[in-house]
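First up is the structure itself, then whatever we jot down about it.
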Amino acid sequence: MTQESPASRLTITVAVMLAVVMQVLDLTIVNVALTYMRGSLHANSDQITWVLTSYMVANVIILPLTGLLVERYGQRNIMLWSVVGFVISSVLCGQSHSLLEVVLWRFLQGIFGASLAPVGQTIMLGAYPSNKRGQAMAILGMGIMLGPILGPTLGGYLTDTLSWRWVFYVNIPFGILAFLMMQTVPDGGKSTTPRPVDWTGFALMAVGLGSLQGVLSLGDQDNWFSSRTIIILTICAILGMLFFVWRSLSVKYPVVDLRLLKDRNLSIGSMGIGIFGLALFGTMVILPIMLETLMHYEAFTAGLVMAPQGIGAMLAMMLAGRLLGRGVNPRNIVLVGVIFGAVGTYFTTLYSLDISMAWLIWPSFIRGIGFGLVTIPLFTLAFMTLKKSQQAEGSGIFNLMRTLGGSIGIAIVSTVTSQETQVGWNQMSGFINPFNPAFNHYLAAAGMTENPTTWRVLGNVVLYSQANMRGTLDAFVLVFYGFLVMIPLIIFLKKPPTDSAPPAHLNLSK
């Protein structure tokens, strides 16, 4: 793509930002509506998370194909098709009346949304001169951080004032404007001799990753390996991933070039970003359910409470960019970010049903700072030892691990919450019996007697709320340990050379 005039660059920037913000917004705007969707679609807390995981699995499957699609059809065509498909699938999500419908259309939405951020980034890099590409990525990064900030708040407002369906309909104006403005964007990236697509490898990857996600999402409610379905999915996941790895290492043009994982920084950095994805998306699932179900916040209020995490991440990303530009060791920045994330998450493990709103806000802000300090420097470290010709393929692996980590994180966190809630219920209910002196003292102090109303109150109010809170806290503990696991990984990363600088193609979008 040739360098554009300032006016053309502005048009391109706005067009790309509209498309990317629409896609990023959809990652968080749906979270605060999950509780309302669960009741409307007659789903339990395990099943409703498929609304999130189906979207992310589709992203995982399609993301590695982005470069091949651009080679065949060009950047502008991919963006236009993606925007149109994303908007249509959003409308279909809003029109759904069953969980199966929503999951199906969310999967389609994830397919069309996967290419928006990486292709949009490439378009912006081509539109700006080399000395202003850092500015272009900063603008894109700021826009991308609007998702965590605006998503929960906007989603809560729409859910409270209209209905949960409007968290999908809100994509319509963004999509129409993006489609109209994208018409003026010059095309690029199309190759006269595109690489062949390894469809066999792609099919193996889809089967392996899809089956793995099915095991994680359905395992808890189907009692894991006592279910024939889980056993079949596990076998498919193992065989699919084993043959996918074999295929990727044996063909000349694999869908994902796993040979690059011989590079220590890329392999460790990809592991780290996968764990980071678990912490980020796991937290985004736990918080809204806790706020709306246990704390009885309205959706809009829950969104406002979650917004400081996005604000902290945005400020930290700006700081991280400045520190990298001044030559600060990215390993130190990532380490500080992990510590901030761990500290912010640790305080959430101390929550109770009686905490104030302040105790919800400031740990989220601290955790957001951690998220922001980890993202850019970790990407820099992962790509620091790759050749320039390998960075595009490496980007596919890195972003694949981040999205896959988030998808697995959602499934694991949901399973832990559900399972530990049941454990807590069973343990606490054992103390509610007439032969427990402490229980009798409790009834006397509360002015209650042993009758059906008392048992209903204790079961539905005390046990339900406390057991669910226990399950939620155990999920936060898992996220906390996820941050701690990242620390030794960072130590094993190679130190950057003294003249190193962040890669020009820095991907802030995923």
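The values are calculated or read from the model by the stated rules, or taken from the named source; none is laboratory data. This structure is a prediction, so every number in the text was calculated from the model and none was measured. With ligands, DNA and RNA removed, areas are computed over all heavy atoms of the protein, side chains included. Shrake-Rupley method; radii C 1.70, N 1.55, O 1.52, S 1.80 Å.
Can you sort 200, 11, 403 by 1.4 Å-probe accessible area, starting with the largest?
200, 11, 403
So, for region 60-133, what is the accessible surface per residue at a probe of 1.4 Å, expressed in square angstrom? Don't jump to the answer; show the numbers that get you there.
Values: 2570 Å² over 74 residues.
Value returned for region 60-133: 35 Å² of accessible area per residue.
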Along region 51-67, Karplus-curve 3J(HN,Hα) (6.51, -1.76, 1.60; θ = phi - 60°) to the nearest Hz, with x for Gly and Pro, reads 4, 8, 5, 5, 4, 6, 4, 4, 4, 4, 6, 8, 3, x, 8, 4, x
How much accessible area per residue does region 277-379 have, counting only protein heavy atoms and a probe of 1.4 Å, in square angstrom?
36 Å²
Surface share of carbon and sulfur [accessible, 1.4 angstrom probe, percent] for region 206-296:
69 percent
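Using only the heavy atoms of the protein chains and a 1.4 Å probe, how would 236, 93 rank by accessible area, largest first?
236, 93
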Would you check the accessible area of residue 230, probe 1.4 Å, heavy atoms only, in square angstrom rounded to 10?
0 Å²
Report D for region 75-122 in µm² per second (integer): Stokes-Einstein, Kirkwood Rh on Cα pairs, 37 °C, 0.692 mPa s.
301 µm²/s
